[in-house]
Amino acid sequence: MRTSTSLFLCLVWLVLPTGAYAHSLNDSYLELSVIEQSIEGVLQLAVTDLELAVGLDRNYDADITWGEIRQARADIDEYLLNRINLAIDDDACALSPGYYRVSQLPGGAYLVVDLSGHCPVSEGALVLAYSLMFDLDNSHRGVAAIHYQGSDTSHVFSPQRTVFSFDQADSVFFQTMVNFVGEGVWHIWIGIDHILFLVAMLLAVVVHRRADSAIASADLGVELLKLVTAFTVAHSITLVLATLELITLPVAVVESAIAFTVVASGVNVMYPLFGKRHWQFAFGFGLIHGFGFANVLAEIELSSTLFLSSLLGFNLGVELGQLAILLVLVPVLLLITNRNSIRRLAAPVSGLIICQLGLFWLVERSL
Amino acid sequence: MSTKQIKSITCLSSQFLSLLVAITCLTSSAVAFSAESFIPDSDNTVVAHLEPAVIAISRRIHLPDTARKESNWGESERMTFTRKVLDAYNLAQDQGYARAYGHALALVNEWPTQYEPPPLLRIVKAALLQRTHDFGAARGELELALNADPEHQQALLMLAQIGLVTGDYGDVAEYCERLSQQPFLLAALNCRAQLQGLTGDGDAALSMLQSALALPSVSRLDARELHTTAATIAHRLGYTSIAESHYQQAFRLGNTSHYFLSNYAQWLLEQQRYGEAEDLLSSFIDGEDAYELMIFYFQSIRHSSPEMARQFEQQALTQAIQFLSRRADDRPHKVLARYALIVANDAATALTEAQLNWQQQKEPSDTLLLAQAAVLVEDIATIEQVRQWQKTTGQEDLRLDSLLVAAEQQQ
C-alpha cells in the first residue's frame, strides 16, 4: 500500500501507514485443559506486554530482570485473574497461577505461567472470557487452545471477540461415537466366541443346501441376510437393556450361555438341529450375545453425558466388524463348499471343531 | 470427460486437500505451543530489553492521567485527549512499532461515545484500522469525517488509497477528481497517476509524473512519492531502466517503507541482481512486520549462499511464519502465500492463501501472487478470474501477461 501521500498535505504528523504489512507477533498463547472439574493450563504472555500492563521496569533501566518479574508477581497474578475467566454452565471456575518460567519466542521473551483450577460442575457450555491487553493494545490477540472433556477447540481472542463459548456436547457426541465405533469393531474381532457362533450359523446355512440342486444364490443370500439381521437386532436389544441396567445378569451365566450357543450351533452344523429356522435361532441366541457385549462395554467407564453416543458407537462398531467378517467369510464358504464332496466333509469336521471349542469354554466358564 | 474438466477436478481436489492440510496445520500449531521454557538462574538475569517505544508507552500508561478518568469531558479534556492520540500515533509512526499502533488504536477507542469525534481523530482511527486491513471500518470513519468536512483532503486521499488497494477504481476516480478540484495539489496528481497506472494508461501516468517532477516547487517528500509511483508503474510496464532510475531516486530520498522496499526488492530479484537485493534488504529484515521482506531476503541469499539461506529459513523465517499462522482468520494471507510459494514450494497452500488475500486486497502484487500460484497448480478457474480482472481493469503488468500466456499454452 502507498504510504505517505498524505505528506503532500503538510500534515506532517499523519502519514498513511503501511497497511499491507501490519502483522505483528504481540500475541499471547493460552492452553487450557478441562478434565471433569479440574483445570490445568499454561499462559504465555510477552514480557513487553506485562510491562505495559503492570509496569515491570521498576528501576527504569529498560531491562526487565527475573527479579523484577518476581517482585511484580502479585500484580501480575491479579492482572491475569481479573482478565481470564472461565465458567462451565454459568458456574465460575476458580483459577490460580502457579510457577513462573520464561520462554523465547519469535515475538520476544515471554513469561510462562502455569494455571490450575477447579470448576463446580463438569458438564455444560464452557465460557472463556479473555481481555488481557486489549485496553492498552488493540492489535493484541490471545490465541487459545482448549481441551474440554475430551474435545479440542481453539479460538483467537481480539478486542471484538473477548468471549468464547464452547458447548462440547455436539462435537464430543460424534467424537465419542467414532471412538466407540472402533471399540465395537475391535471387540467383535477379538471376541472369538461371537465370531465362531456367527461362523457356525452361516456354515449351517451353506452346508445344508440341498445336495442335488443347490439353493439359488439369491435365496441363499436372503437366508444369510435374515440370519445376520436377526442376530444384530437381537444382540442390540439386550446390549441396550443391559447397558441401561434394565436387565442385569451375572457375567458368568452370560459367558457360559454364550459358550452353550457355540456348542449348539456347532451341533447344528453337523446335524440340522434347528431345521430351517436359522434366523429364529440366531435371534434367540443373539439375545444372549448382546449381554456379552454389554459386559465388555461395562468395562469401559462411560461418562453419563456421553452414554448415548458411546452406546450407539459401540453397537455400530460391532455391526461394522461383523459385516467385515461376513464380506470375507461368505464368499470363502461358498467357494469351498461348492462341491458336494467338500460340503459333506466340511459339515462334520467344522461342526466337531466348533463343538469342542464351545464345550471347552462352557466347562471353563462354568467352573 | 475432457482434459479441461479433468484438470479442473484435479485442481479442485488439490485445493480442497490443501485447505484440509492448512486447517490441520493451523489446528495442530494452535495446540502445540512448543517452546523451551526455563527458570532464570538469578534475579539479576535480564529477561527482556524494552524497545524505546515500549518505554514511552509504558510511561504514559503508568503516569497519573486525569483526562482518561474524567467522566464528563469538557472541551479542554477532549483537546488534551486528541493531542494524546496524535502523540501516540506519531510515536507509532516514528518507531514503526506494532504495539505502539495497537496502543494508539486502543486509545482512540476510549473517546466517549456521547461526543462526536473531530474529523482528525476519525482520520487517525481510519489510518490505524487501514493498517490492520480493516478497510470497511476505515472507510466508515473517513466517510464520517467527510460528512463533517466534505473537502477534507486527508480523508479523500485516504479513501482513494484504500480504493487502490481493494481494487475499487471507480471510487478512486471519484476521490481523485474531488481532490483535483481543490487548489493545486501534487497528491491529487499522484492519485490520478496511480489510478492511470492501474487502469491501462501507464504511459500517460509516467509522462505526467515526469512533468510534475520537473516542477521547481516539488519538495523532497513530494519527489519521493512521485518517484515511487513512477518506479512501480515502469516496473509493471517492463521499462527496466526507467524503473531502476525511479527506484534509486526514491530510495535516495529516504523511502524505506515496506511497500517501497518490497517492490524494489522484487524488481532487483526479477533482474537476477541478488546481491543488490540482499544489500537493500539486510538492514530492514529485523524490523517488526518485516516478514515479506524476510522472504525476499531469503530469496536473494539463496543464490549466493544456500547454506546461509537454509539457516535463515530454519532459525528465523519458518518459526515466525508458524506463529503468524496461529492467528487463524486474522493470519496474514499475503505473507503466508508468498512464504508457501517461495520458501516452502507449496503451490497449493500458496493458492489458498493468495485467494483469501485477494478477497481483501487487489494491488498488482496481490494479483500477480494469485496468478503465480494458480499457474503452478493449474487452477484454470482462478487463472480465468485473473484474466477477466486484467481485461476489466485494463491493468498493465508484463509479468502477469507472461504468466497468463504461459498458462494458455499449458491449457
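Computed from the coordinates by the stated procedures, all read-outs in this text should not be read as laboratory data. Please read these numbers as outputs of a predicted model, since none were measured by experiment. Backbone-built Cβ (ideal geometry, glycine too); neighbour counts: all protein chains shown.
Below, the figures for the structure above:
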item	result
Average Cα contact separation per residue, the range B:128-250, under 8 Å, 6 or more apart, as relative contact order %	15 percent
Amide H contacts of B:Asp346 (H built 1.01 Å from N, under 5 Å, at least 5 apart or other chain)	B:Leu341
Residues of the range A:349-367 with amide N under 17 Å of the 7 Å Cα→Cβ point at A:Val251	A:362, A:364-367
Cα extents of the range B:232-354 along the three principal axes, largest first (Å)	40, 31, 25
Positive-end residue of A:Ala257, A:Val349, A:Phe285, charge dipole of the range A:213-367 with Cβ unit charges	A:Val349
Tail weight of P(r) past 23 Å, computed on alpha-carbon pairs of the range B:169-292, percent	33 percent
Largest-first principal axis extents, alpha carbons of the range A:70-122, Å	37, 25, 17
Per-selection Kirkwood Rh - the range B:162-233 (Cα, Å, 1 d.p.)	12.2 Å
Semi-axes of the equivalent ellipsoid for the range B:75-134, Cα gyration tensor, largest first, Å	19, 13, 9
Scattering profile of the range A:232-312 at q = 0.21, 0.23 Å⁻¹ [log10 I(q)/I(0), Debye over alpha-carbon scatterers]	-0.92, -1.04
Radius ratio Rg over Rh of the range A:107-207, counting only Cα atoms, Kirkwood formula for Rh	1.31
Which of B:Ala328, B:Pro112, B:Phe135, positive extreme of dipole for the protein assembly as shown (C-beta unit charges)	B:Ala328
Principal axis box of the range B:369-411, alpha-carbon based, largest edge first, Å	24, 18, 18
Pairs of alpha carbons in the protein assembly as shown whose separation is greater than 54 Å (percent)	32 percent
Residues B:Ser241 and B:Gln314, FRET efficiency given R0 of 51 Å [Cβ-Cβ distance, rounded to 0.05]	0.85
For B:Tyr339, B:Tyr175, A:Tyr148, A:Tyr271, order by how many other beta-carbon atoms lie within 10 Å, fewest first	A:Tyr271, A:Tyr148, B:Tyr175, B:Tyr339
The range A:266-367 - convex hull of the alpha-carbon atoms, volume per residue in Å³	125 Å³
Vicinal HN-Hα couplings computed from phi for the range A:160-165 (Karplus, 6.51 cos²θ - 1.76 cosθ + 1.60; Hz; Gly/Pro x)	8, 10, 9, 10, 10, 10
Computed [θ] at 222 nm, deg cm²/dmol, chain B (DSSP H ≥ 4; -39,500 (n - 2.57); rounded to nearest 500)	-22500 deg cm²/dmol
Rounded D (µm²/s) - the range B:68-218, Kirkwood Rh over Cα pairs, Stokes-Einstein at 20 °C, 1.002 mPa s	127 µm²/s
Calculated P(r) of chain A - Cα pairs past 35 Å, %	52 percent
Given 14 as the ceiling on other Cβ atoms within 10 Å, longest exposed-site-free region of chain A for trypsin sites (Lys or Arg not before Pro) in DSSP loops	A:59-209
Chain A, helix-only ellipticity at 222 nm - DSSP H runs n ≥ 4, -39,500 (n - 2.57), divided by all residues, nearest 500	-17500 deg cm²/dmol
Chain A: DSSP helices with Cα axial extent of at least 27 Å and average Kyte-Doolittle hydropathy no lower than 1.0	A:217-243, A:251-270, A:307-336
Karplus-derived 3J(HN,Hα), 6.51/-1.76/1.60, for each residue of the range B:340-355, Hz, glycine and proline x	4, 6, 8, 9, 8, 6, 10, 5, 5, 5, 4, 5, 4, 5, 5, 5
The range B:268-311, dipole about Cα centre (Lys/Arg Cβ +1, Asp/Glu Cβ -1), debye to the nearest 20	240 debye
Under the Debye formula (equal points on every Cα, no solvent term), log10 I(q)/I(0) of chain B at q = 0.14 Å⁻¹	-1.47
Cα convex hull of the range B:276-411, projected area averaged across orientations, nm²	8.8 nm²
Hull volume in cubic angstrom per residue (convex hull over the Cα atoms of the range B:334-411)	78 Å³
Where labels lie 7 Å past Cα in the beta-carbon direction, separation of A:Asp77 and B:Asn109 in nm	2.9 nm
Aspartates and glutamates whose Cα lies under 17 Å from that of B:Lys334, excluding same-chain neighbours fewer than 8 positions away	B:Asp134, B:Glu288, B:Asp289, B:Glu292, B:Asp346, B:Glu353, B:Glu363, B:Asp366
Diffusion coefficient, µm² s⁻¹, Stokes-Einstein with Kirkwood Rh over alpha-carbon pairs of the range A:33-126 at 25 °C and 0.890 mPa s	171 µm²/s
B:Ala148 paired with B:Leu213, simple spin-label distance in nm, labels 7 Å along Cα-to-beta-carbon	3.8 nm
Chain B, relative contact order [Cα under 8 Å, separation at least 6], %	14 percent
